[in-house]
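A quick write-up on the structure given underneath.
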Amino acid sequence: MVKGEVPNIVALEVLKKNGVNVEKLKELLTKGVGAEFTTYYYYTILRMHCTGLDGEGIKEIVEDARIEDRNHFEAMVPRLYELGGSLPKDIRKFADQAGCPDAYLPDNWEDINSILKVLLEAEQCAIRSWGEVCDMTAGKDPRTYDIAQRIMQEEVEHEAWFIELLSKRPSGHFRRKFAGQSPHTGSQGSLIHL
Amino acid sequence: MNGNTKMKRHPVCKSEELTEGSIMKVTVGMEDIMIGRKNGRLFACNNSCPHKGASLSKGHMNGDNIVCYMHGYEYNVFSGKLEDMKSWKKEPTWVEQDEEWRKSGDLFLYPISEENGMVYVSLKEAQP
């Protein structure tokens, strides 16, 4: 084989035969991991502003969500490359193409509820975003589907946590075994730091 | 749509399935297409939102606009034009998103027709 020549990739061939639009899938994955990475960044700022007695009560749960969102980025990026995709070379373009809005620190951050509302909005967008990937790959691309559904399970938990904190609706949550445990995506082989 | 491009008409559903005010997703080859009927007029567009790629068929109609369920952007289904670039700000104290993140193209429209109880969408013919 000539150097640089890519042989037939059976793992891609079967996806196409299964009816997966691989180009569209790569686009959605790039947007999805973009949202996870930017959320990790913005959650760092939000967590730093969980101050005072109220803030002390939620900073650990924000930290769980922050680290787990980074884990989601780590879990899906290798799959993006397997599919022949890649991350944008410029991080500014990477952020601009992200599938979800930047979780900016609100002006009235001293009110802890205002931070919780931003966190909730970010999680809800992530659920929709990974739901798109699950819909596109269910029954057609088990490998991408498996990673996406694991990420989505944790995003659903995050949403439930923040709804509980805002509205008192029980979420069933107690605590992670350690910060950013990622009980669902943590078993992904790529997460070597866990 | 380029007038010189050879188009192929594909049957996508029965006329009776596309009731007044409804939208649905159909797939032709690898393309997911949203079709619908509004005030008796048919429309067809690519199902991928031009903003961030969400499935438009999961949205709802507001007049002649399809409202994307992901970020609330609205596009006119007949002209394809972006009509309402919704702000993400749910509270006055939230900071607006960067322009680059907010911008969006228009819908990609397909010719759609109805004949003998069937609905057809026309796509560029695949090159051999």
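The values are calculated or read from the model by the stated rules, or taken from the named source; none is laboratory data. None of the values given here were measured: they were computed from a predicted structure. Because the Cβ atoms are built from the backbone with ideal geometry, glycine has one as well, and the counts that use them run over all protein chains shown. Just so you know, the surface numbers come from the protein's heavy atoms only, side chains and all, with ligands and any DNA or RNA stripped out. Shrake-Rupley method; radii C 1.70, N 1.55, O 1.52, S 1.80 Å.
Only a single criterion out of (1) at pLDDT 95 or above; (2) within 25 Å of B:Glu91 (Cβ to Cβ) is not satisfied by A:His173, namely (1). The helices (runs of 4 or more DSSP H) located wholly in the stretch A:71-188 that include 2 or more residues which are of a type in the set (S, T, N, Q) and either touching a helix residue (DSSP H, G or I) at 6+ places or on another chain (Cβ under 9 Å) or more than 13 Å from chain B (Cβ to nearest Cβ) (or both) occupy A:112-137, A:142-167.
Could you count how many residues in the stretch A:97-122 are hydroxyl-bearing (Ser, Thr, Tyr) and more than 28 Å from A:Leu29 (Cβ to Cβ)? Residues flagged as hydroxyl-bearing (Ser, Thr, Tyr) and more than 28 Å from A:Leu29 (Cβ to Cβ) within the stretch A:97-122 amount to 1. If you check A:Gly32, A:Gly84 for being closer than 25 Å to B:Asp32 by Cβ and in contact with a Gly (Cβ under 7 Å, 6 or more places away or on another chain), only one passes: A:Gly32. So for the stretch A:49-60 (the condition being within 14 Å of chain B (Cβ to nearest Cβ) and either among the β-branched types (Val, Ile, Thr) or open to solvent by 10 Å² or more (accessible area, probe 1.4 Å) (or both)), does at least one residue qualify? Within the stretch A:49-60 (the criterion being within 14 Å of chain B (Cβ to nearest Cβ) and either among the β-branched types (Val, Ile, Thr) or open to solvent by 10 Å² or more (accessible area, probe 1.4 Å) (or both)), the answer is yes, since at least one residue qualifies.
For the stretch A:1-45, what are the residues that are in a loop (DSSP other than H, G, I, E, B) and either within 14 Å of chain B (Cβ to nearest Cβ) or of a type in the set (A, V, I, L, M, F, W, C) (or both)?
Start the filter on the stretch A:1-45 by keeping residues that are in a loop (DSSP other than H, G, I, E, B), which leaves A:1-9, A:18-21.
Listed by number, the residues that qualify are A:Met1, A:Val2, A:Val6, A:Ile9, A:Asn18, A:Gly19, A:Val20, A:Asn21.
Do we have B:Met85 as in contact with a helix residue (DSSP H, G or I) (Cβ under 8 Å, 6 or more places away or on another chain) and free of Cβ contacts under 8 Å to residues at least 60 places away in the same chain here? Even if it seems obvious, please write down each step before you answer.
Values: in contact with a helix residue (DSSP H, G or I) (Cβ under 8 Å, 6 or more places away or on another chain): yes; free of Cβ contacts under 8 Å to residues at least 60 places away in the same chain: yes.
So B:Met85 passes the test.
For the stretch B:110-128, taking the residues that are open to solvent by 70 Å² or more (accessible area, probe 1.4 Å) and not acidic (Asp, Glu), the one that is farthest from the other protein chains (Cβ to nearest Cβ) is identified as B:Asn116.
Of the strands (runs of 3 or more DSSP E) lying entirely inside the stretch B:1-109, those containing at least 1 residues that are open to solvent by 50 Å² or more (accessible area, probe 1.4 Å) are B:7-14, B:23-28, B:31-38, B:41-46, B:60-62, B:82-84.
Any chance the stretch A:173-180 includes a residue that's open to solvent by 70 Å² or more (accessible area, probe 1.4 Å), within 30 Å of A:Ala11 (Cα to Cα) and touching a residue at least 24 places away in the same chain (Cβ under 8 Å)? No, the conditions are met nowhere in the stretch A:173-180.
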